[in-house]
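Data block below; observations after.
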Amino acid sequence: MEKIASFKIDHTKLERGLYVSRQDFDSDGRVIATTLDIRMKRPNREPVMNTAELHTIEHLGATFLRNSQKYADSLIYFGPMGCRTGFYVIFKGDLTSADVLPAVIEMFEFMANYDGEIPGADIYSCGNYLDQNLPMARFESQKFLSEVLMNITESQLNYPR
């Protein structure tokens with residue numbers, strides 16, 4: 001089998017950042033969806049997130065984006081990477097990392113400051129509702145926001161070659 005595009009990225013060079021991972025096209029060749037890699041951890045060079053904080057970020061991030069008057073109509077998906085180094089977000093349209101940066105900053109500000117019940121973290125709404133960690137989700141969100149998103153460089157917006 002041929003390697004999928006995301007497995008062709010040299011993870012030894014990948015830094016924390018926001019990257020266009022792939023774009024999907026319609027039959028006329030127009031971009032209909034852009035998948036972005038929100039890379040919160042340096043792969044294979046720093047500890048990954050535990051499932052509890054990853055799960056909480058998923059709940060908070062998805063809730064924020066799906067309820068946002070600015071972003072809800074263009075959002076397709078937000079969810080964690082299996083390697084636990086970050087998240088994928090998919091928006092409708094032909095977008096760049098810079099286009100999506102304001103939405104990602106707003107989402108991480110929301111998560112870093114969130115104080116309350118975790119949305120959907122109950123036995124009726126979630127298949128693993130007990131595996132949540134709001135303090136660590138807030139910590140990881142604030143760390144990524146302050147160390148990466150607020151001072152992001154061009155190299156953190158484009159995959160390494």
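The values are calculated or read from the model by the stated rules, or taken from the named source; none is laboratory data. None of these values were measured; they are calculated from a predicted model. Quick reminder, even Gly has a Cβ in these numbers, built from the backbone with ideal geometry, and neighbours come from all protein chains shown.
Filter the range 125-146 for residues that are surrounded by fewer than 18 Cβ atoms within 10 Å (Cβ to Cβ) and touching an Asp or Glu at 6+ places or on another chain (Cβ under 7 Å); which is farthest from K41 (Cα to Cα)? Quick ask: steps written out before the conclusion?
The first filter runs over the range 125-146 and keeps only residues surrounded by fewer than 18 Cβ atoms within 10 Å (Cβ to Cβ), leaving 125-131, 135-136, 139, 142-143, 146.
This time we only want the ones that are touching an Asp or Glu at 6+ places or on another chain (Cβ under 7 Å), so: 129, 136.
Details: Y129: 24, M136: 14 Å.
So, considering only residues that are surrounded by fewer than 18 Cβ atoms within 10 Å (Cβ to Cβ) and touching an Asp or Glu at 6+ places or on another chain (Cβ under 7 Å), the one farthest from K41 (Cα to Cα) is Y129.
Only residues that are outside any helix (DSSP H, G or I) and free of Cβ contacts under 8 Å to residues at least 60 places away in the same chain were counted in the range 113-152, giving 11.
Kindly evaluate Y88 against the criterion of being out of contact with any helix residue (DSSP H, G or I) (no Cβ under 7 Å at 6 or more places or on another chain), surrounded by 14 or more Cβ atoms within 10 Å (Cβ to Cβ) and of a type in the set (F, W, Y).
Values: out of contact with any helix residue (DSSP H, G or I) (no Cβ under 7 Å at 6 or more places or on another chain): yes; surrounded by 14 or more Cβ atoms within 10 Å (Cβ to Cβ): yes; of a type in the set (F, W, Y): yes.
Criteria met by Y88.
When R39 is tested against (1) modelled with pLDDT of 95 or more; (2) basic (K, R); (3) surrounded by fewer than 21 Cβ atoms within 10 Å (Cβ to Cβ), just one condition goes unmet, and that condition is (3).
Contact annotation: residue pairs with Cβ atoms under 8 Å, 6 or more positions apart or on different chains, pairing a residue in the range 27-55 that is touching a residue at least 24 places away in the same chain (Cβ under 8 Å) and on the phi > 0 side of the Ramachandran plot with a partner that is among the hydroxyl-bearing types (S, T, Y) and surrounded by fewer than 19 Cβ atoms within 10 Å (Cβ to Cβ), are N44/T12.
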